Each structure stands twice: as C-alpha cells, then as structure tokens.
Amino acid sequence: EPEVTQTPSHQVTQMGQEVILRCVPISNHLYFYWYRQILGQKVEFLVSFYNNEISEKSEIFDDQFSVERPDGSNFTLKIRSTKLEDSAMYFCASSDRTGRYGYTFGSGTRLTVV
Amino acid sequence: SQQGEEDPQALSIQEGENATMNCSYKTSINNLQWYRQNSGRGLVHLILIRSNEREKHSGRLRVTLDTSKKSSSLLITASRAADTASYFCATGSIQGAQKLVFGQGTRLTINP
C-alpha cells in the first residue's frame, strides 16, 4: 500500500537554528499538508498546498514557516529560527483530488528544540 | 466544546467487548473522518463519512453521523488488544484541499 514517507524520524536542534523537515507524498496525490501535534495535545493544521502554492494556512504558520515542493516528489517544511515551543511531532499528509478516501499521513518527525 | 471533541477522553474495556467513542462538532461539515494513532506513531485513516450519509461500516468499525445533532460515533466491535490506541475524529468543511480539524481524542485501552 502506498505510504507517505517522512525524514528524519527525530531531529534535535538548538533554539534559533533552521530546520527542514522532509516528506515524500504519495505519487498520484495532488494535495499536501503539514500538521503538528505538541505532546499530549490535539493535532493542529499548519498548511495545505496545491498546484505549487499554499491554499490555506493557520495562524500557527507565521513568517518563520515555509513550504516548498522543490521537485516532483519531495515536500518540505522549513522553520527558519526555531523556538522551544516549536517542539512537537510534525506530520505530513497527502490526499487525492477528491479527498474521499481521507488523508494518508506519514509517521511523523519528532522535533525537539533545546 | 470545540470543533471535533471526543468523549470519553479515556476508555478501558475487556477484550471482546464493544467500544463506543463519540465526537461532537460545531460548524457545518462536508465530511467527518476517524483516525487511529498508536503511541508515538503516525495517524492511520480508518473511515470517512460524508455529510449526506448516516452510517458506514468497515470491517469491525461502524460509524454513524447525525448532522442535526452535529455528532458522530465510532463503534469497534469484538475489540482486540491490538485496538489499543488513541482515536481521533476530524472534520472537513469542503471538498478537495481542506484542512481537517481534529478533536482531543479518546485513549482506548483493551485489557486482555
């Protein structure tokens, strides 16, 4: 069964450093998303991406965040200057044109900012 | 309660029993989805029910949707130890590219 692949599975970074989280969505999916889950809290929407541009973003997704689809397969989330409160599990997801089968989520990247 | 609120927050039952989890939401939706998350792992899509559907089945899962009450329930029949996980409902408001709004989840423990 097709999977969404995320790398790395765990990243530790110092406050103020830039991090790039990587995702390979399912190849025939058209919509891509980033969500995050702070430990013990609910999953929160960050951004959706379609046709090479952001289609919607949340209040969390401020100027420190950016997304990119640098080639035909990868989808990245960059945090320019990490803060302690950015520590969370970050999930990438993708869906097909209709979304009728729900999303396929990756297994997540645990980001720890120290 | 917030969009996509589940109850109970935690549920512990014996293997073989049925588990029922509920979800309530506030705004109009296009669909409602249920996901499972094993501890520290990713989210696994279980089932999607559209706003014009009232009930849906998938294996041991049964989902109902009552749009008049803005609520949904997930029933897992004949539970197994492997069903131990957190279960989240998530609502989508439009078709296509859409953000999902997740609830806090129900932590389900199946005791052998």
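The values are calculated or read from the model by the stated rules, or taken from the named source; none is laboratory data. In this text the structure is predicted, and so the values were computed from the model without any measurement. Heads up, the Cβs are rebuilt from the backbone with ideal geometry, glycines too, and the neighbour counts pull from every protein chain shown. When the accessible area is computed, the model is the full protein with side chains, heavy atoms only, and any ligands, DNA or RNA have been set aside. Shrake-Rupley method; radii C 1.70, N 1.55, O 1.52, S 1.80 Å.
Residues are listed down the side, and each one gets a yes or a no for (1) of a type in the set (S, T, N, Q); (2) in contact with a Phe, Trp or Tyr (Cβ under 7 Å, 6 or more places away or on another chain):
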| site | (1), (2) |
| --- | --- |
| A:Glu1 | no, no |
| A:Thr5 | yes, no |
| A:Ser9 | yes, no |
| A:Met15 | no, no |
| A:Arg22 | no, no |
| A:Ile26 | no, no |
| A:Phe32 | no, yes |
| A:Arg36 | no, yes |
| A:Val47 | no, yes |
### Message
Taking the condition of being open to solvent by 50 Å² or more (accessible area, probe 1.4 Å), within 14 Å of chain A (Cβ to nearest Cβ), more than 23 Å from B:Asn111 (Cα to Cα) and of a type in the set (S, T, N, Q), how many residues in the stretch B:28-57 meet it?
### Response
1
### Summary
Scanning the stretch A:92-114 residue by residue, the ones that are aromatic (Phe, Trp, Tyr) and either in contact with a helix residue (DSSP H, G or I) (Cβ under 8 Å, 6 or more places away or on another chain) or surrounded by fewer than 23 Cβ atoms within 10 Å (Cβ to Cβ) (or both) total 1
### Query
So which of B:Ala78, B:Ala90, B:Ala82, B:Ala19 ends up being aliphatic (A, V, I, L, M) and open to solvent by 60 Å² or more (accessible area, probe 1.4 Å)?
B:Ala82
### Message
List pairs: first residue in the stretch B:54-68 and under 17 Å from B:Glu6 (Cα atoms) and among the polar types (S, T, N, Q), second residue assigned to a strand (DSSP E or B) and modelled with pLDDT of 95 or more anywhere in the structure, Cβ distance under 7 angstrom, at least six positions apart or on different chains.
### Response
B:Thr64/B:Glu55; B:Thr64/B:Ser72; B:Thr64/B:Ser73
### Task
Please work out which one of (1) touching an Asp or Glu at 6+ places or on another chain (Cβ under 8 Å); (2) more than 14 Å from every other protein chain (Cβ to nearest Cβ); (3) part of a loop (DSSP other than H, G, I, E, B) is the condition A:Thr76 fails and give its number.
(3)
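Is it fair to say A:Ser55 is within 8 Å of chain B (Cβ to nearest Cβ) and assigned to a strand (DSSP E or B)? Break it down into steps so the answer makes sense when it comes.
Values: within 8 Å of chain B (Cβ to nearest Cβ): yes; assigned to a strand (DSSP E or B): yes.
Answer is yes for this residue.
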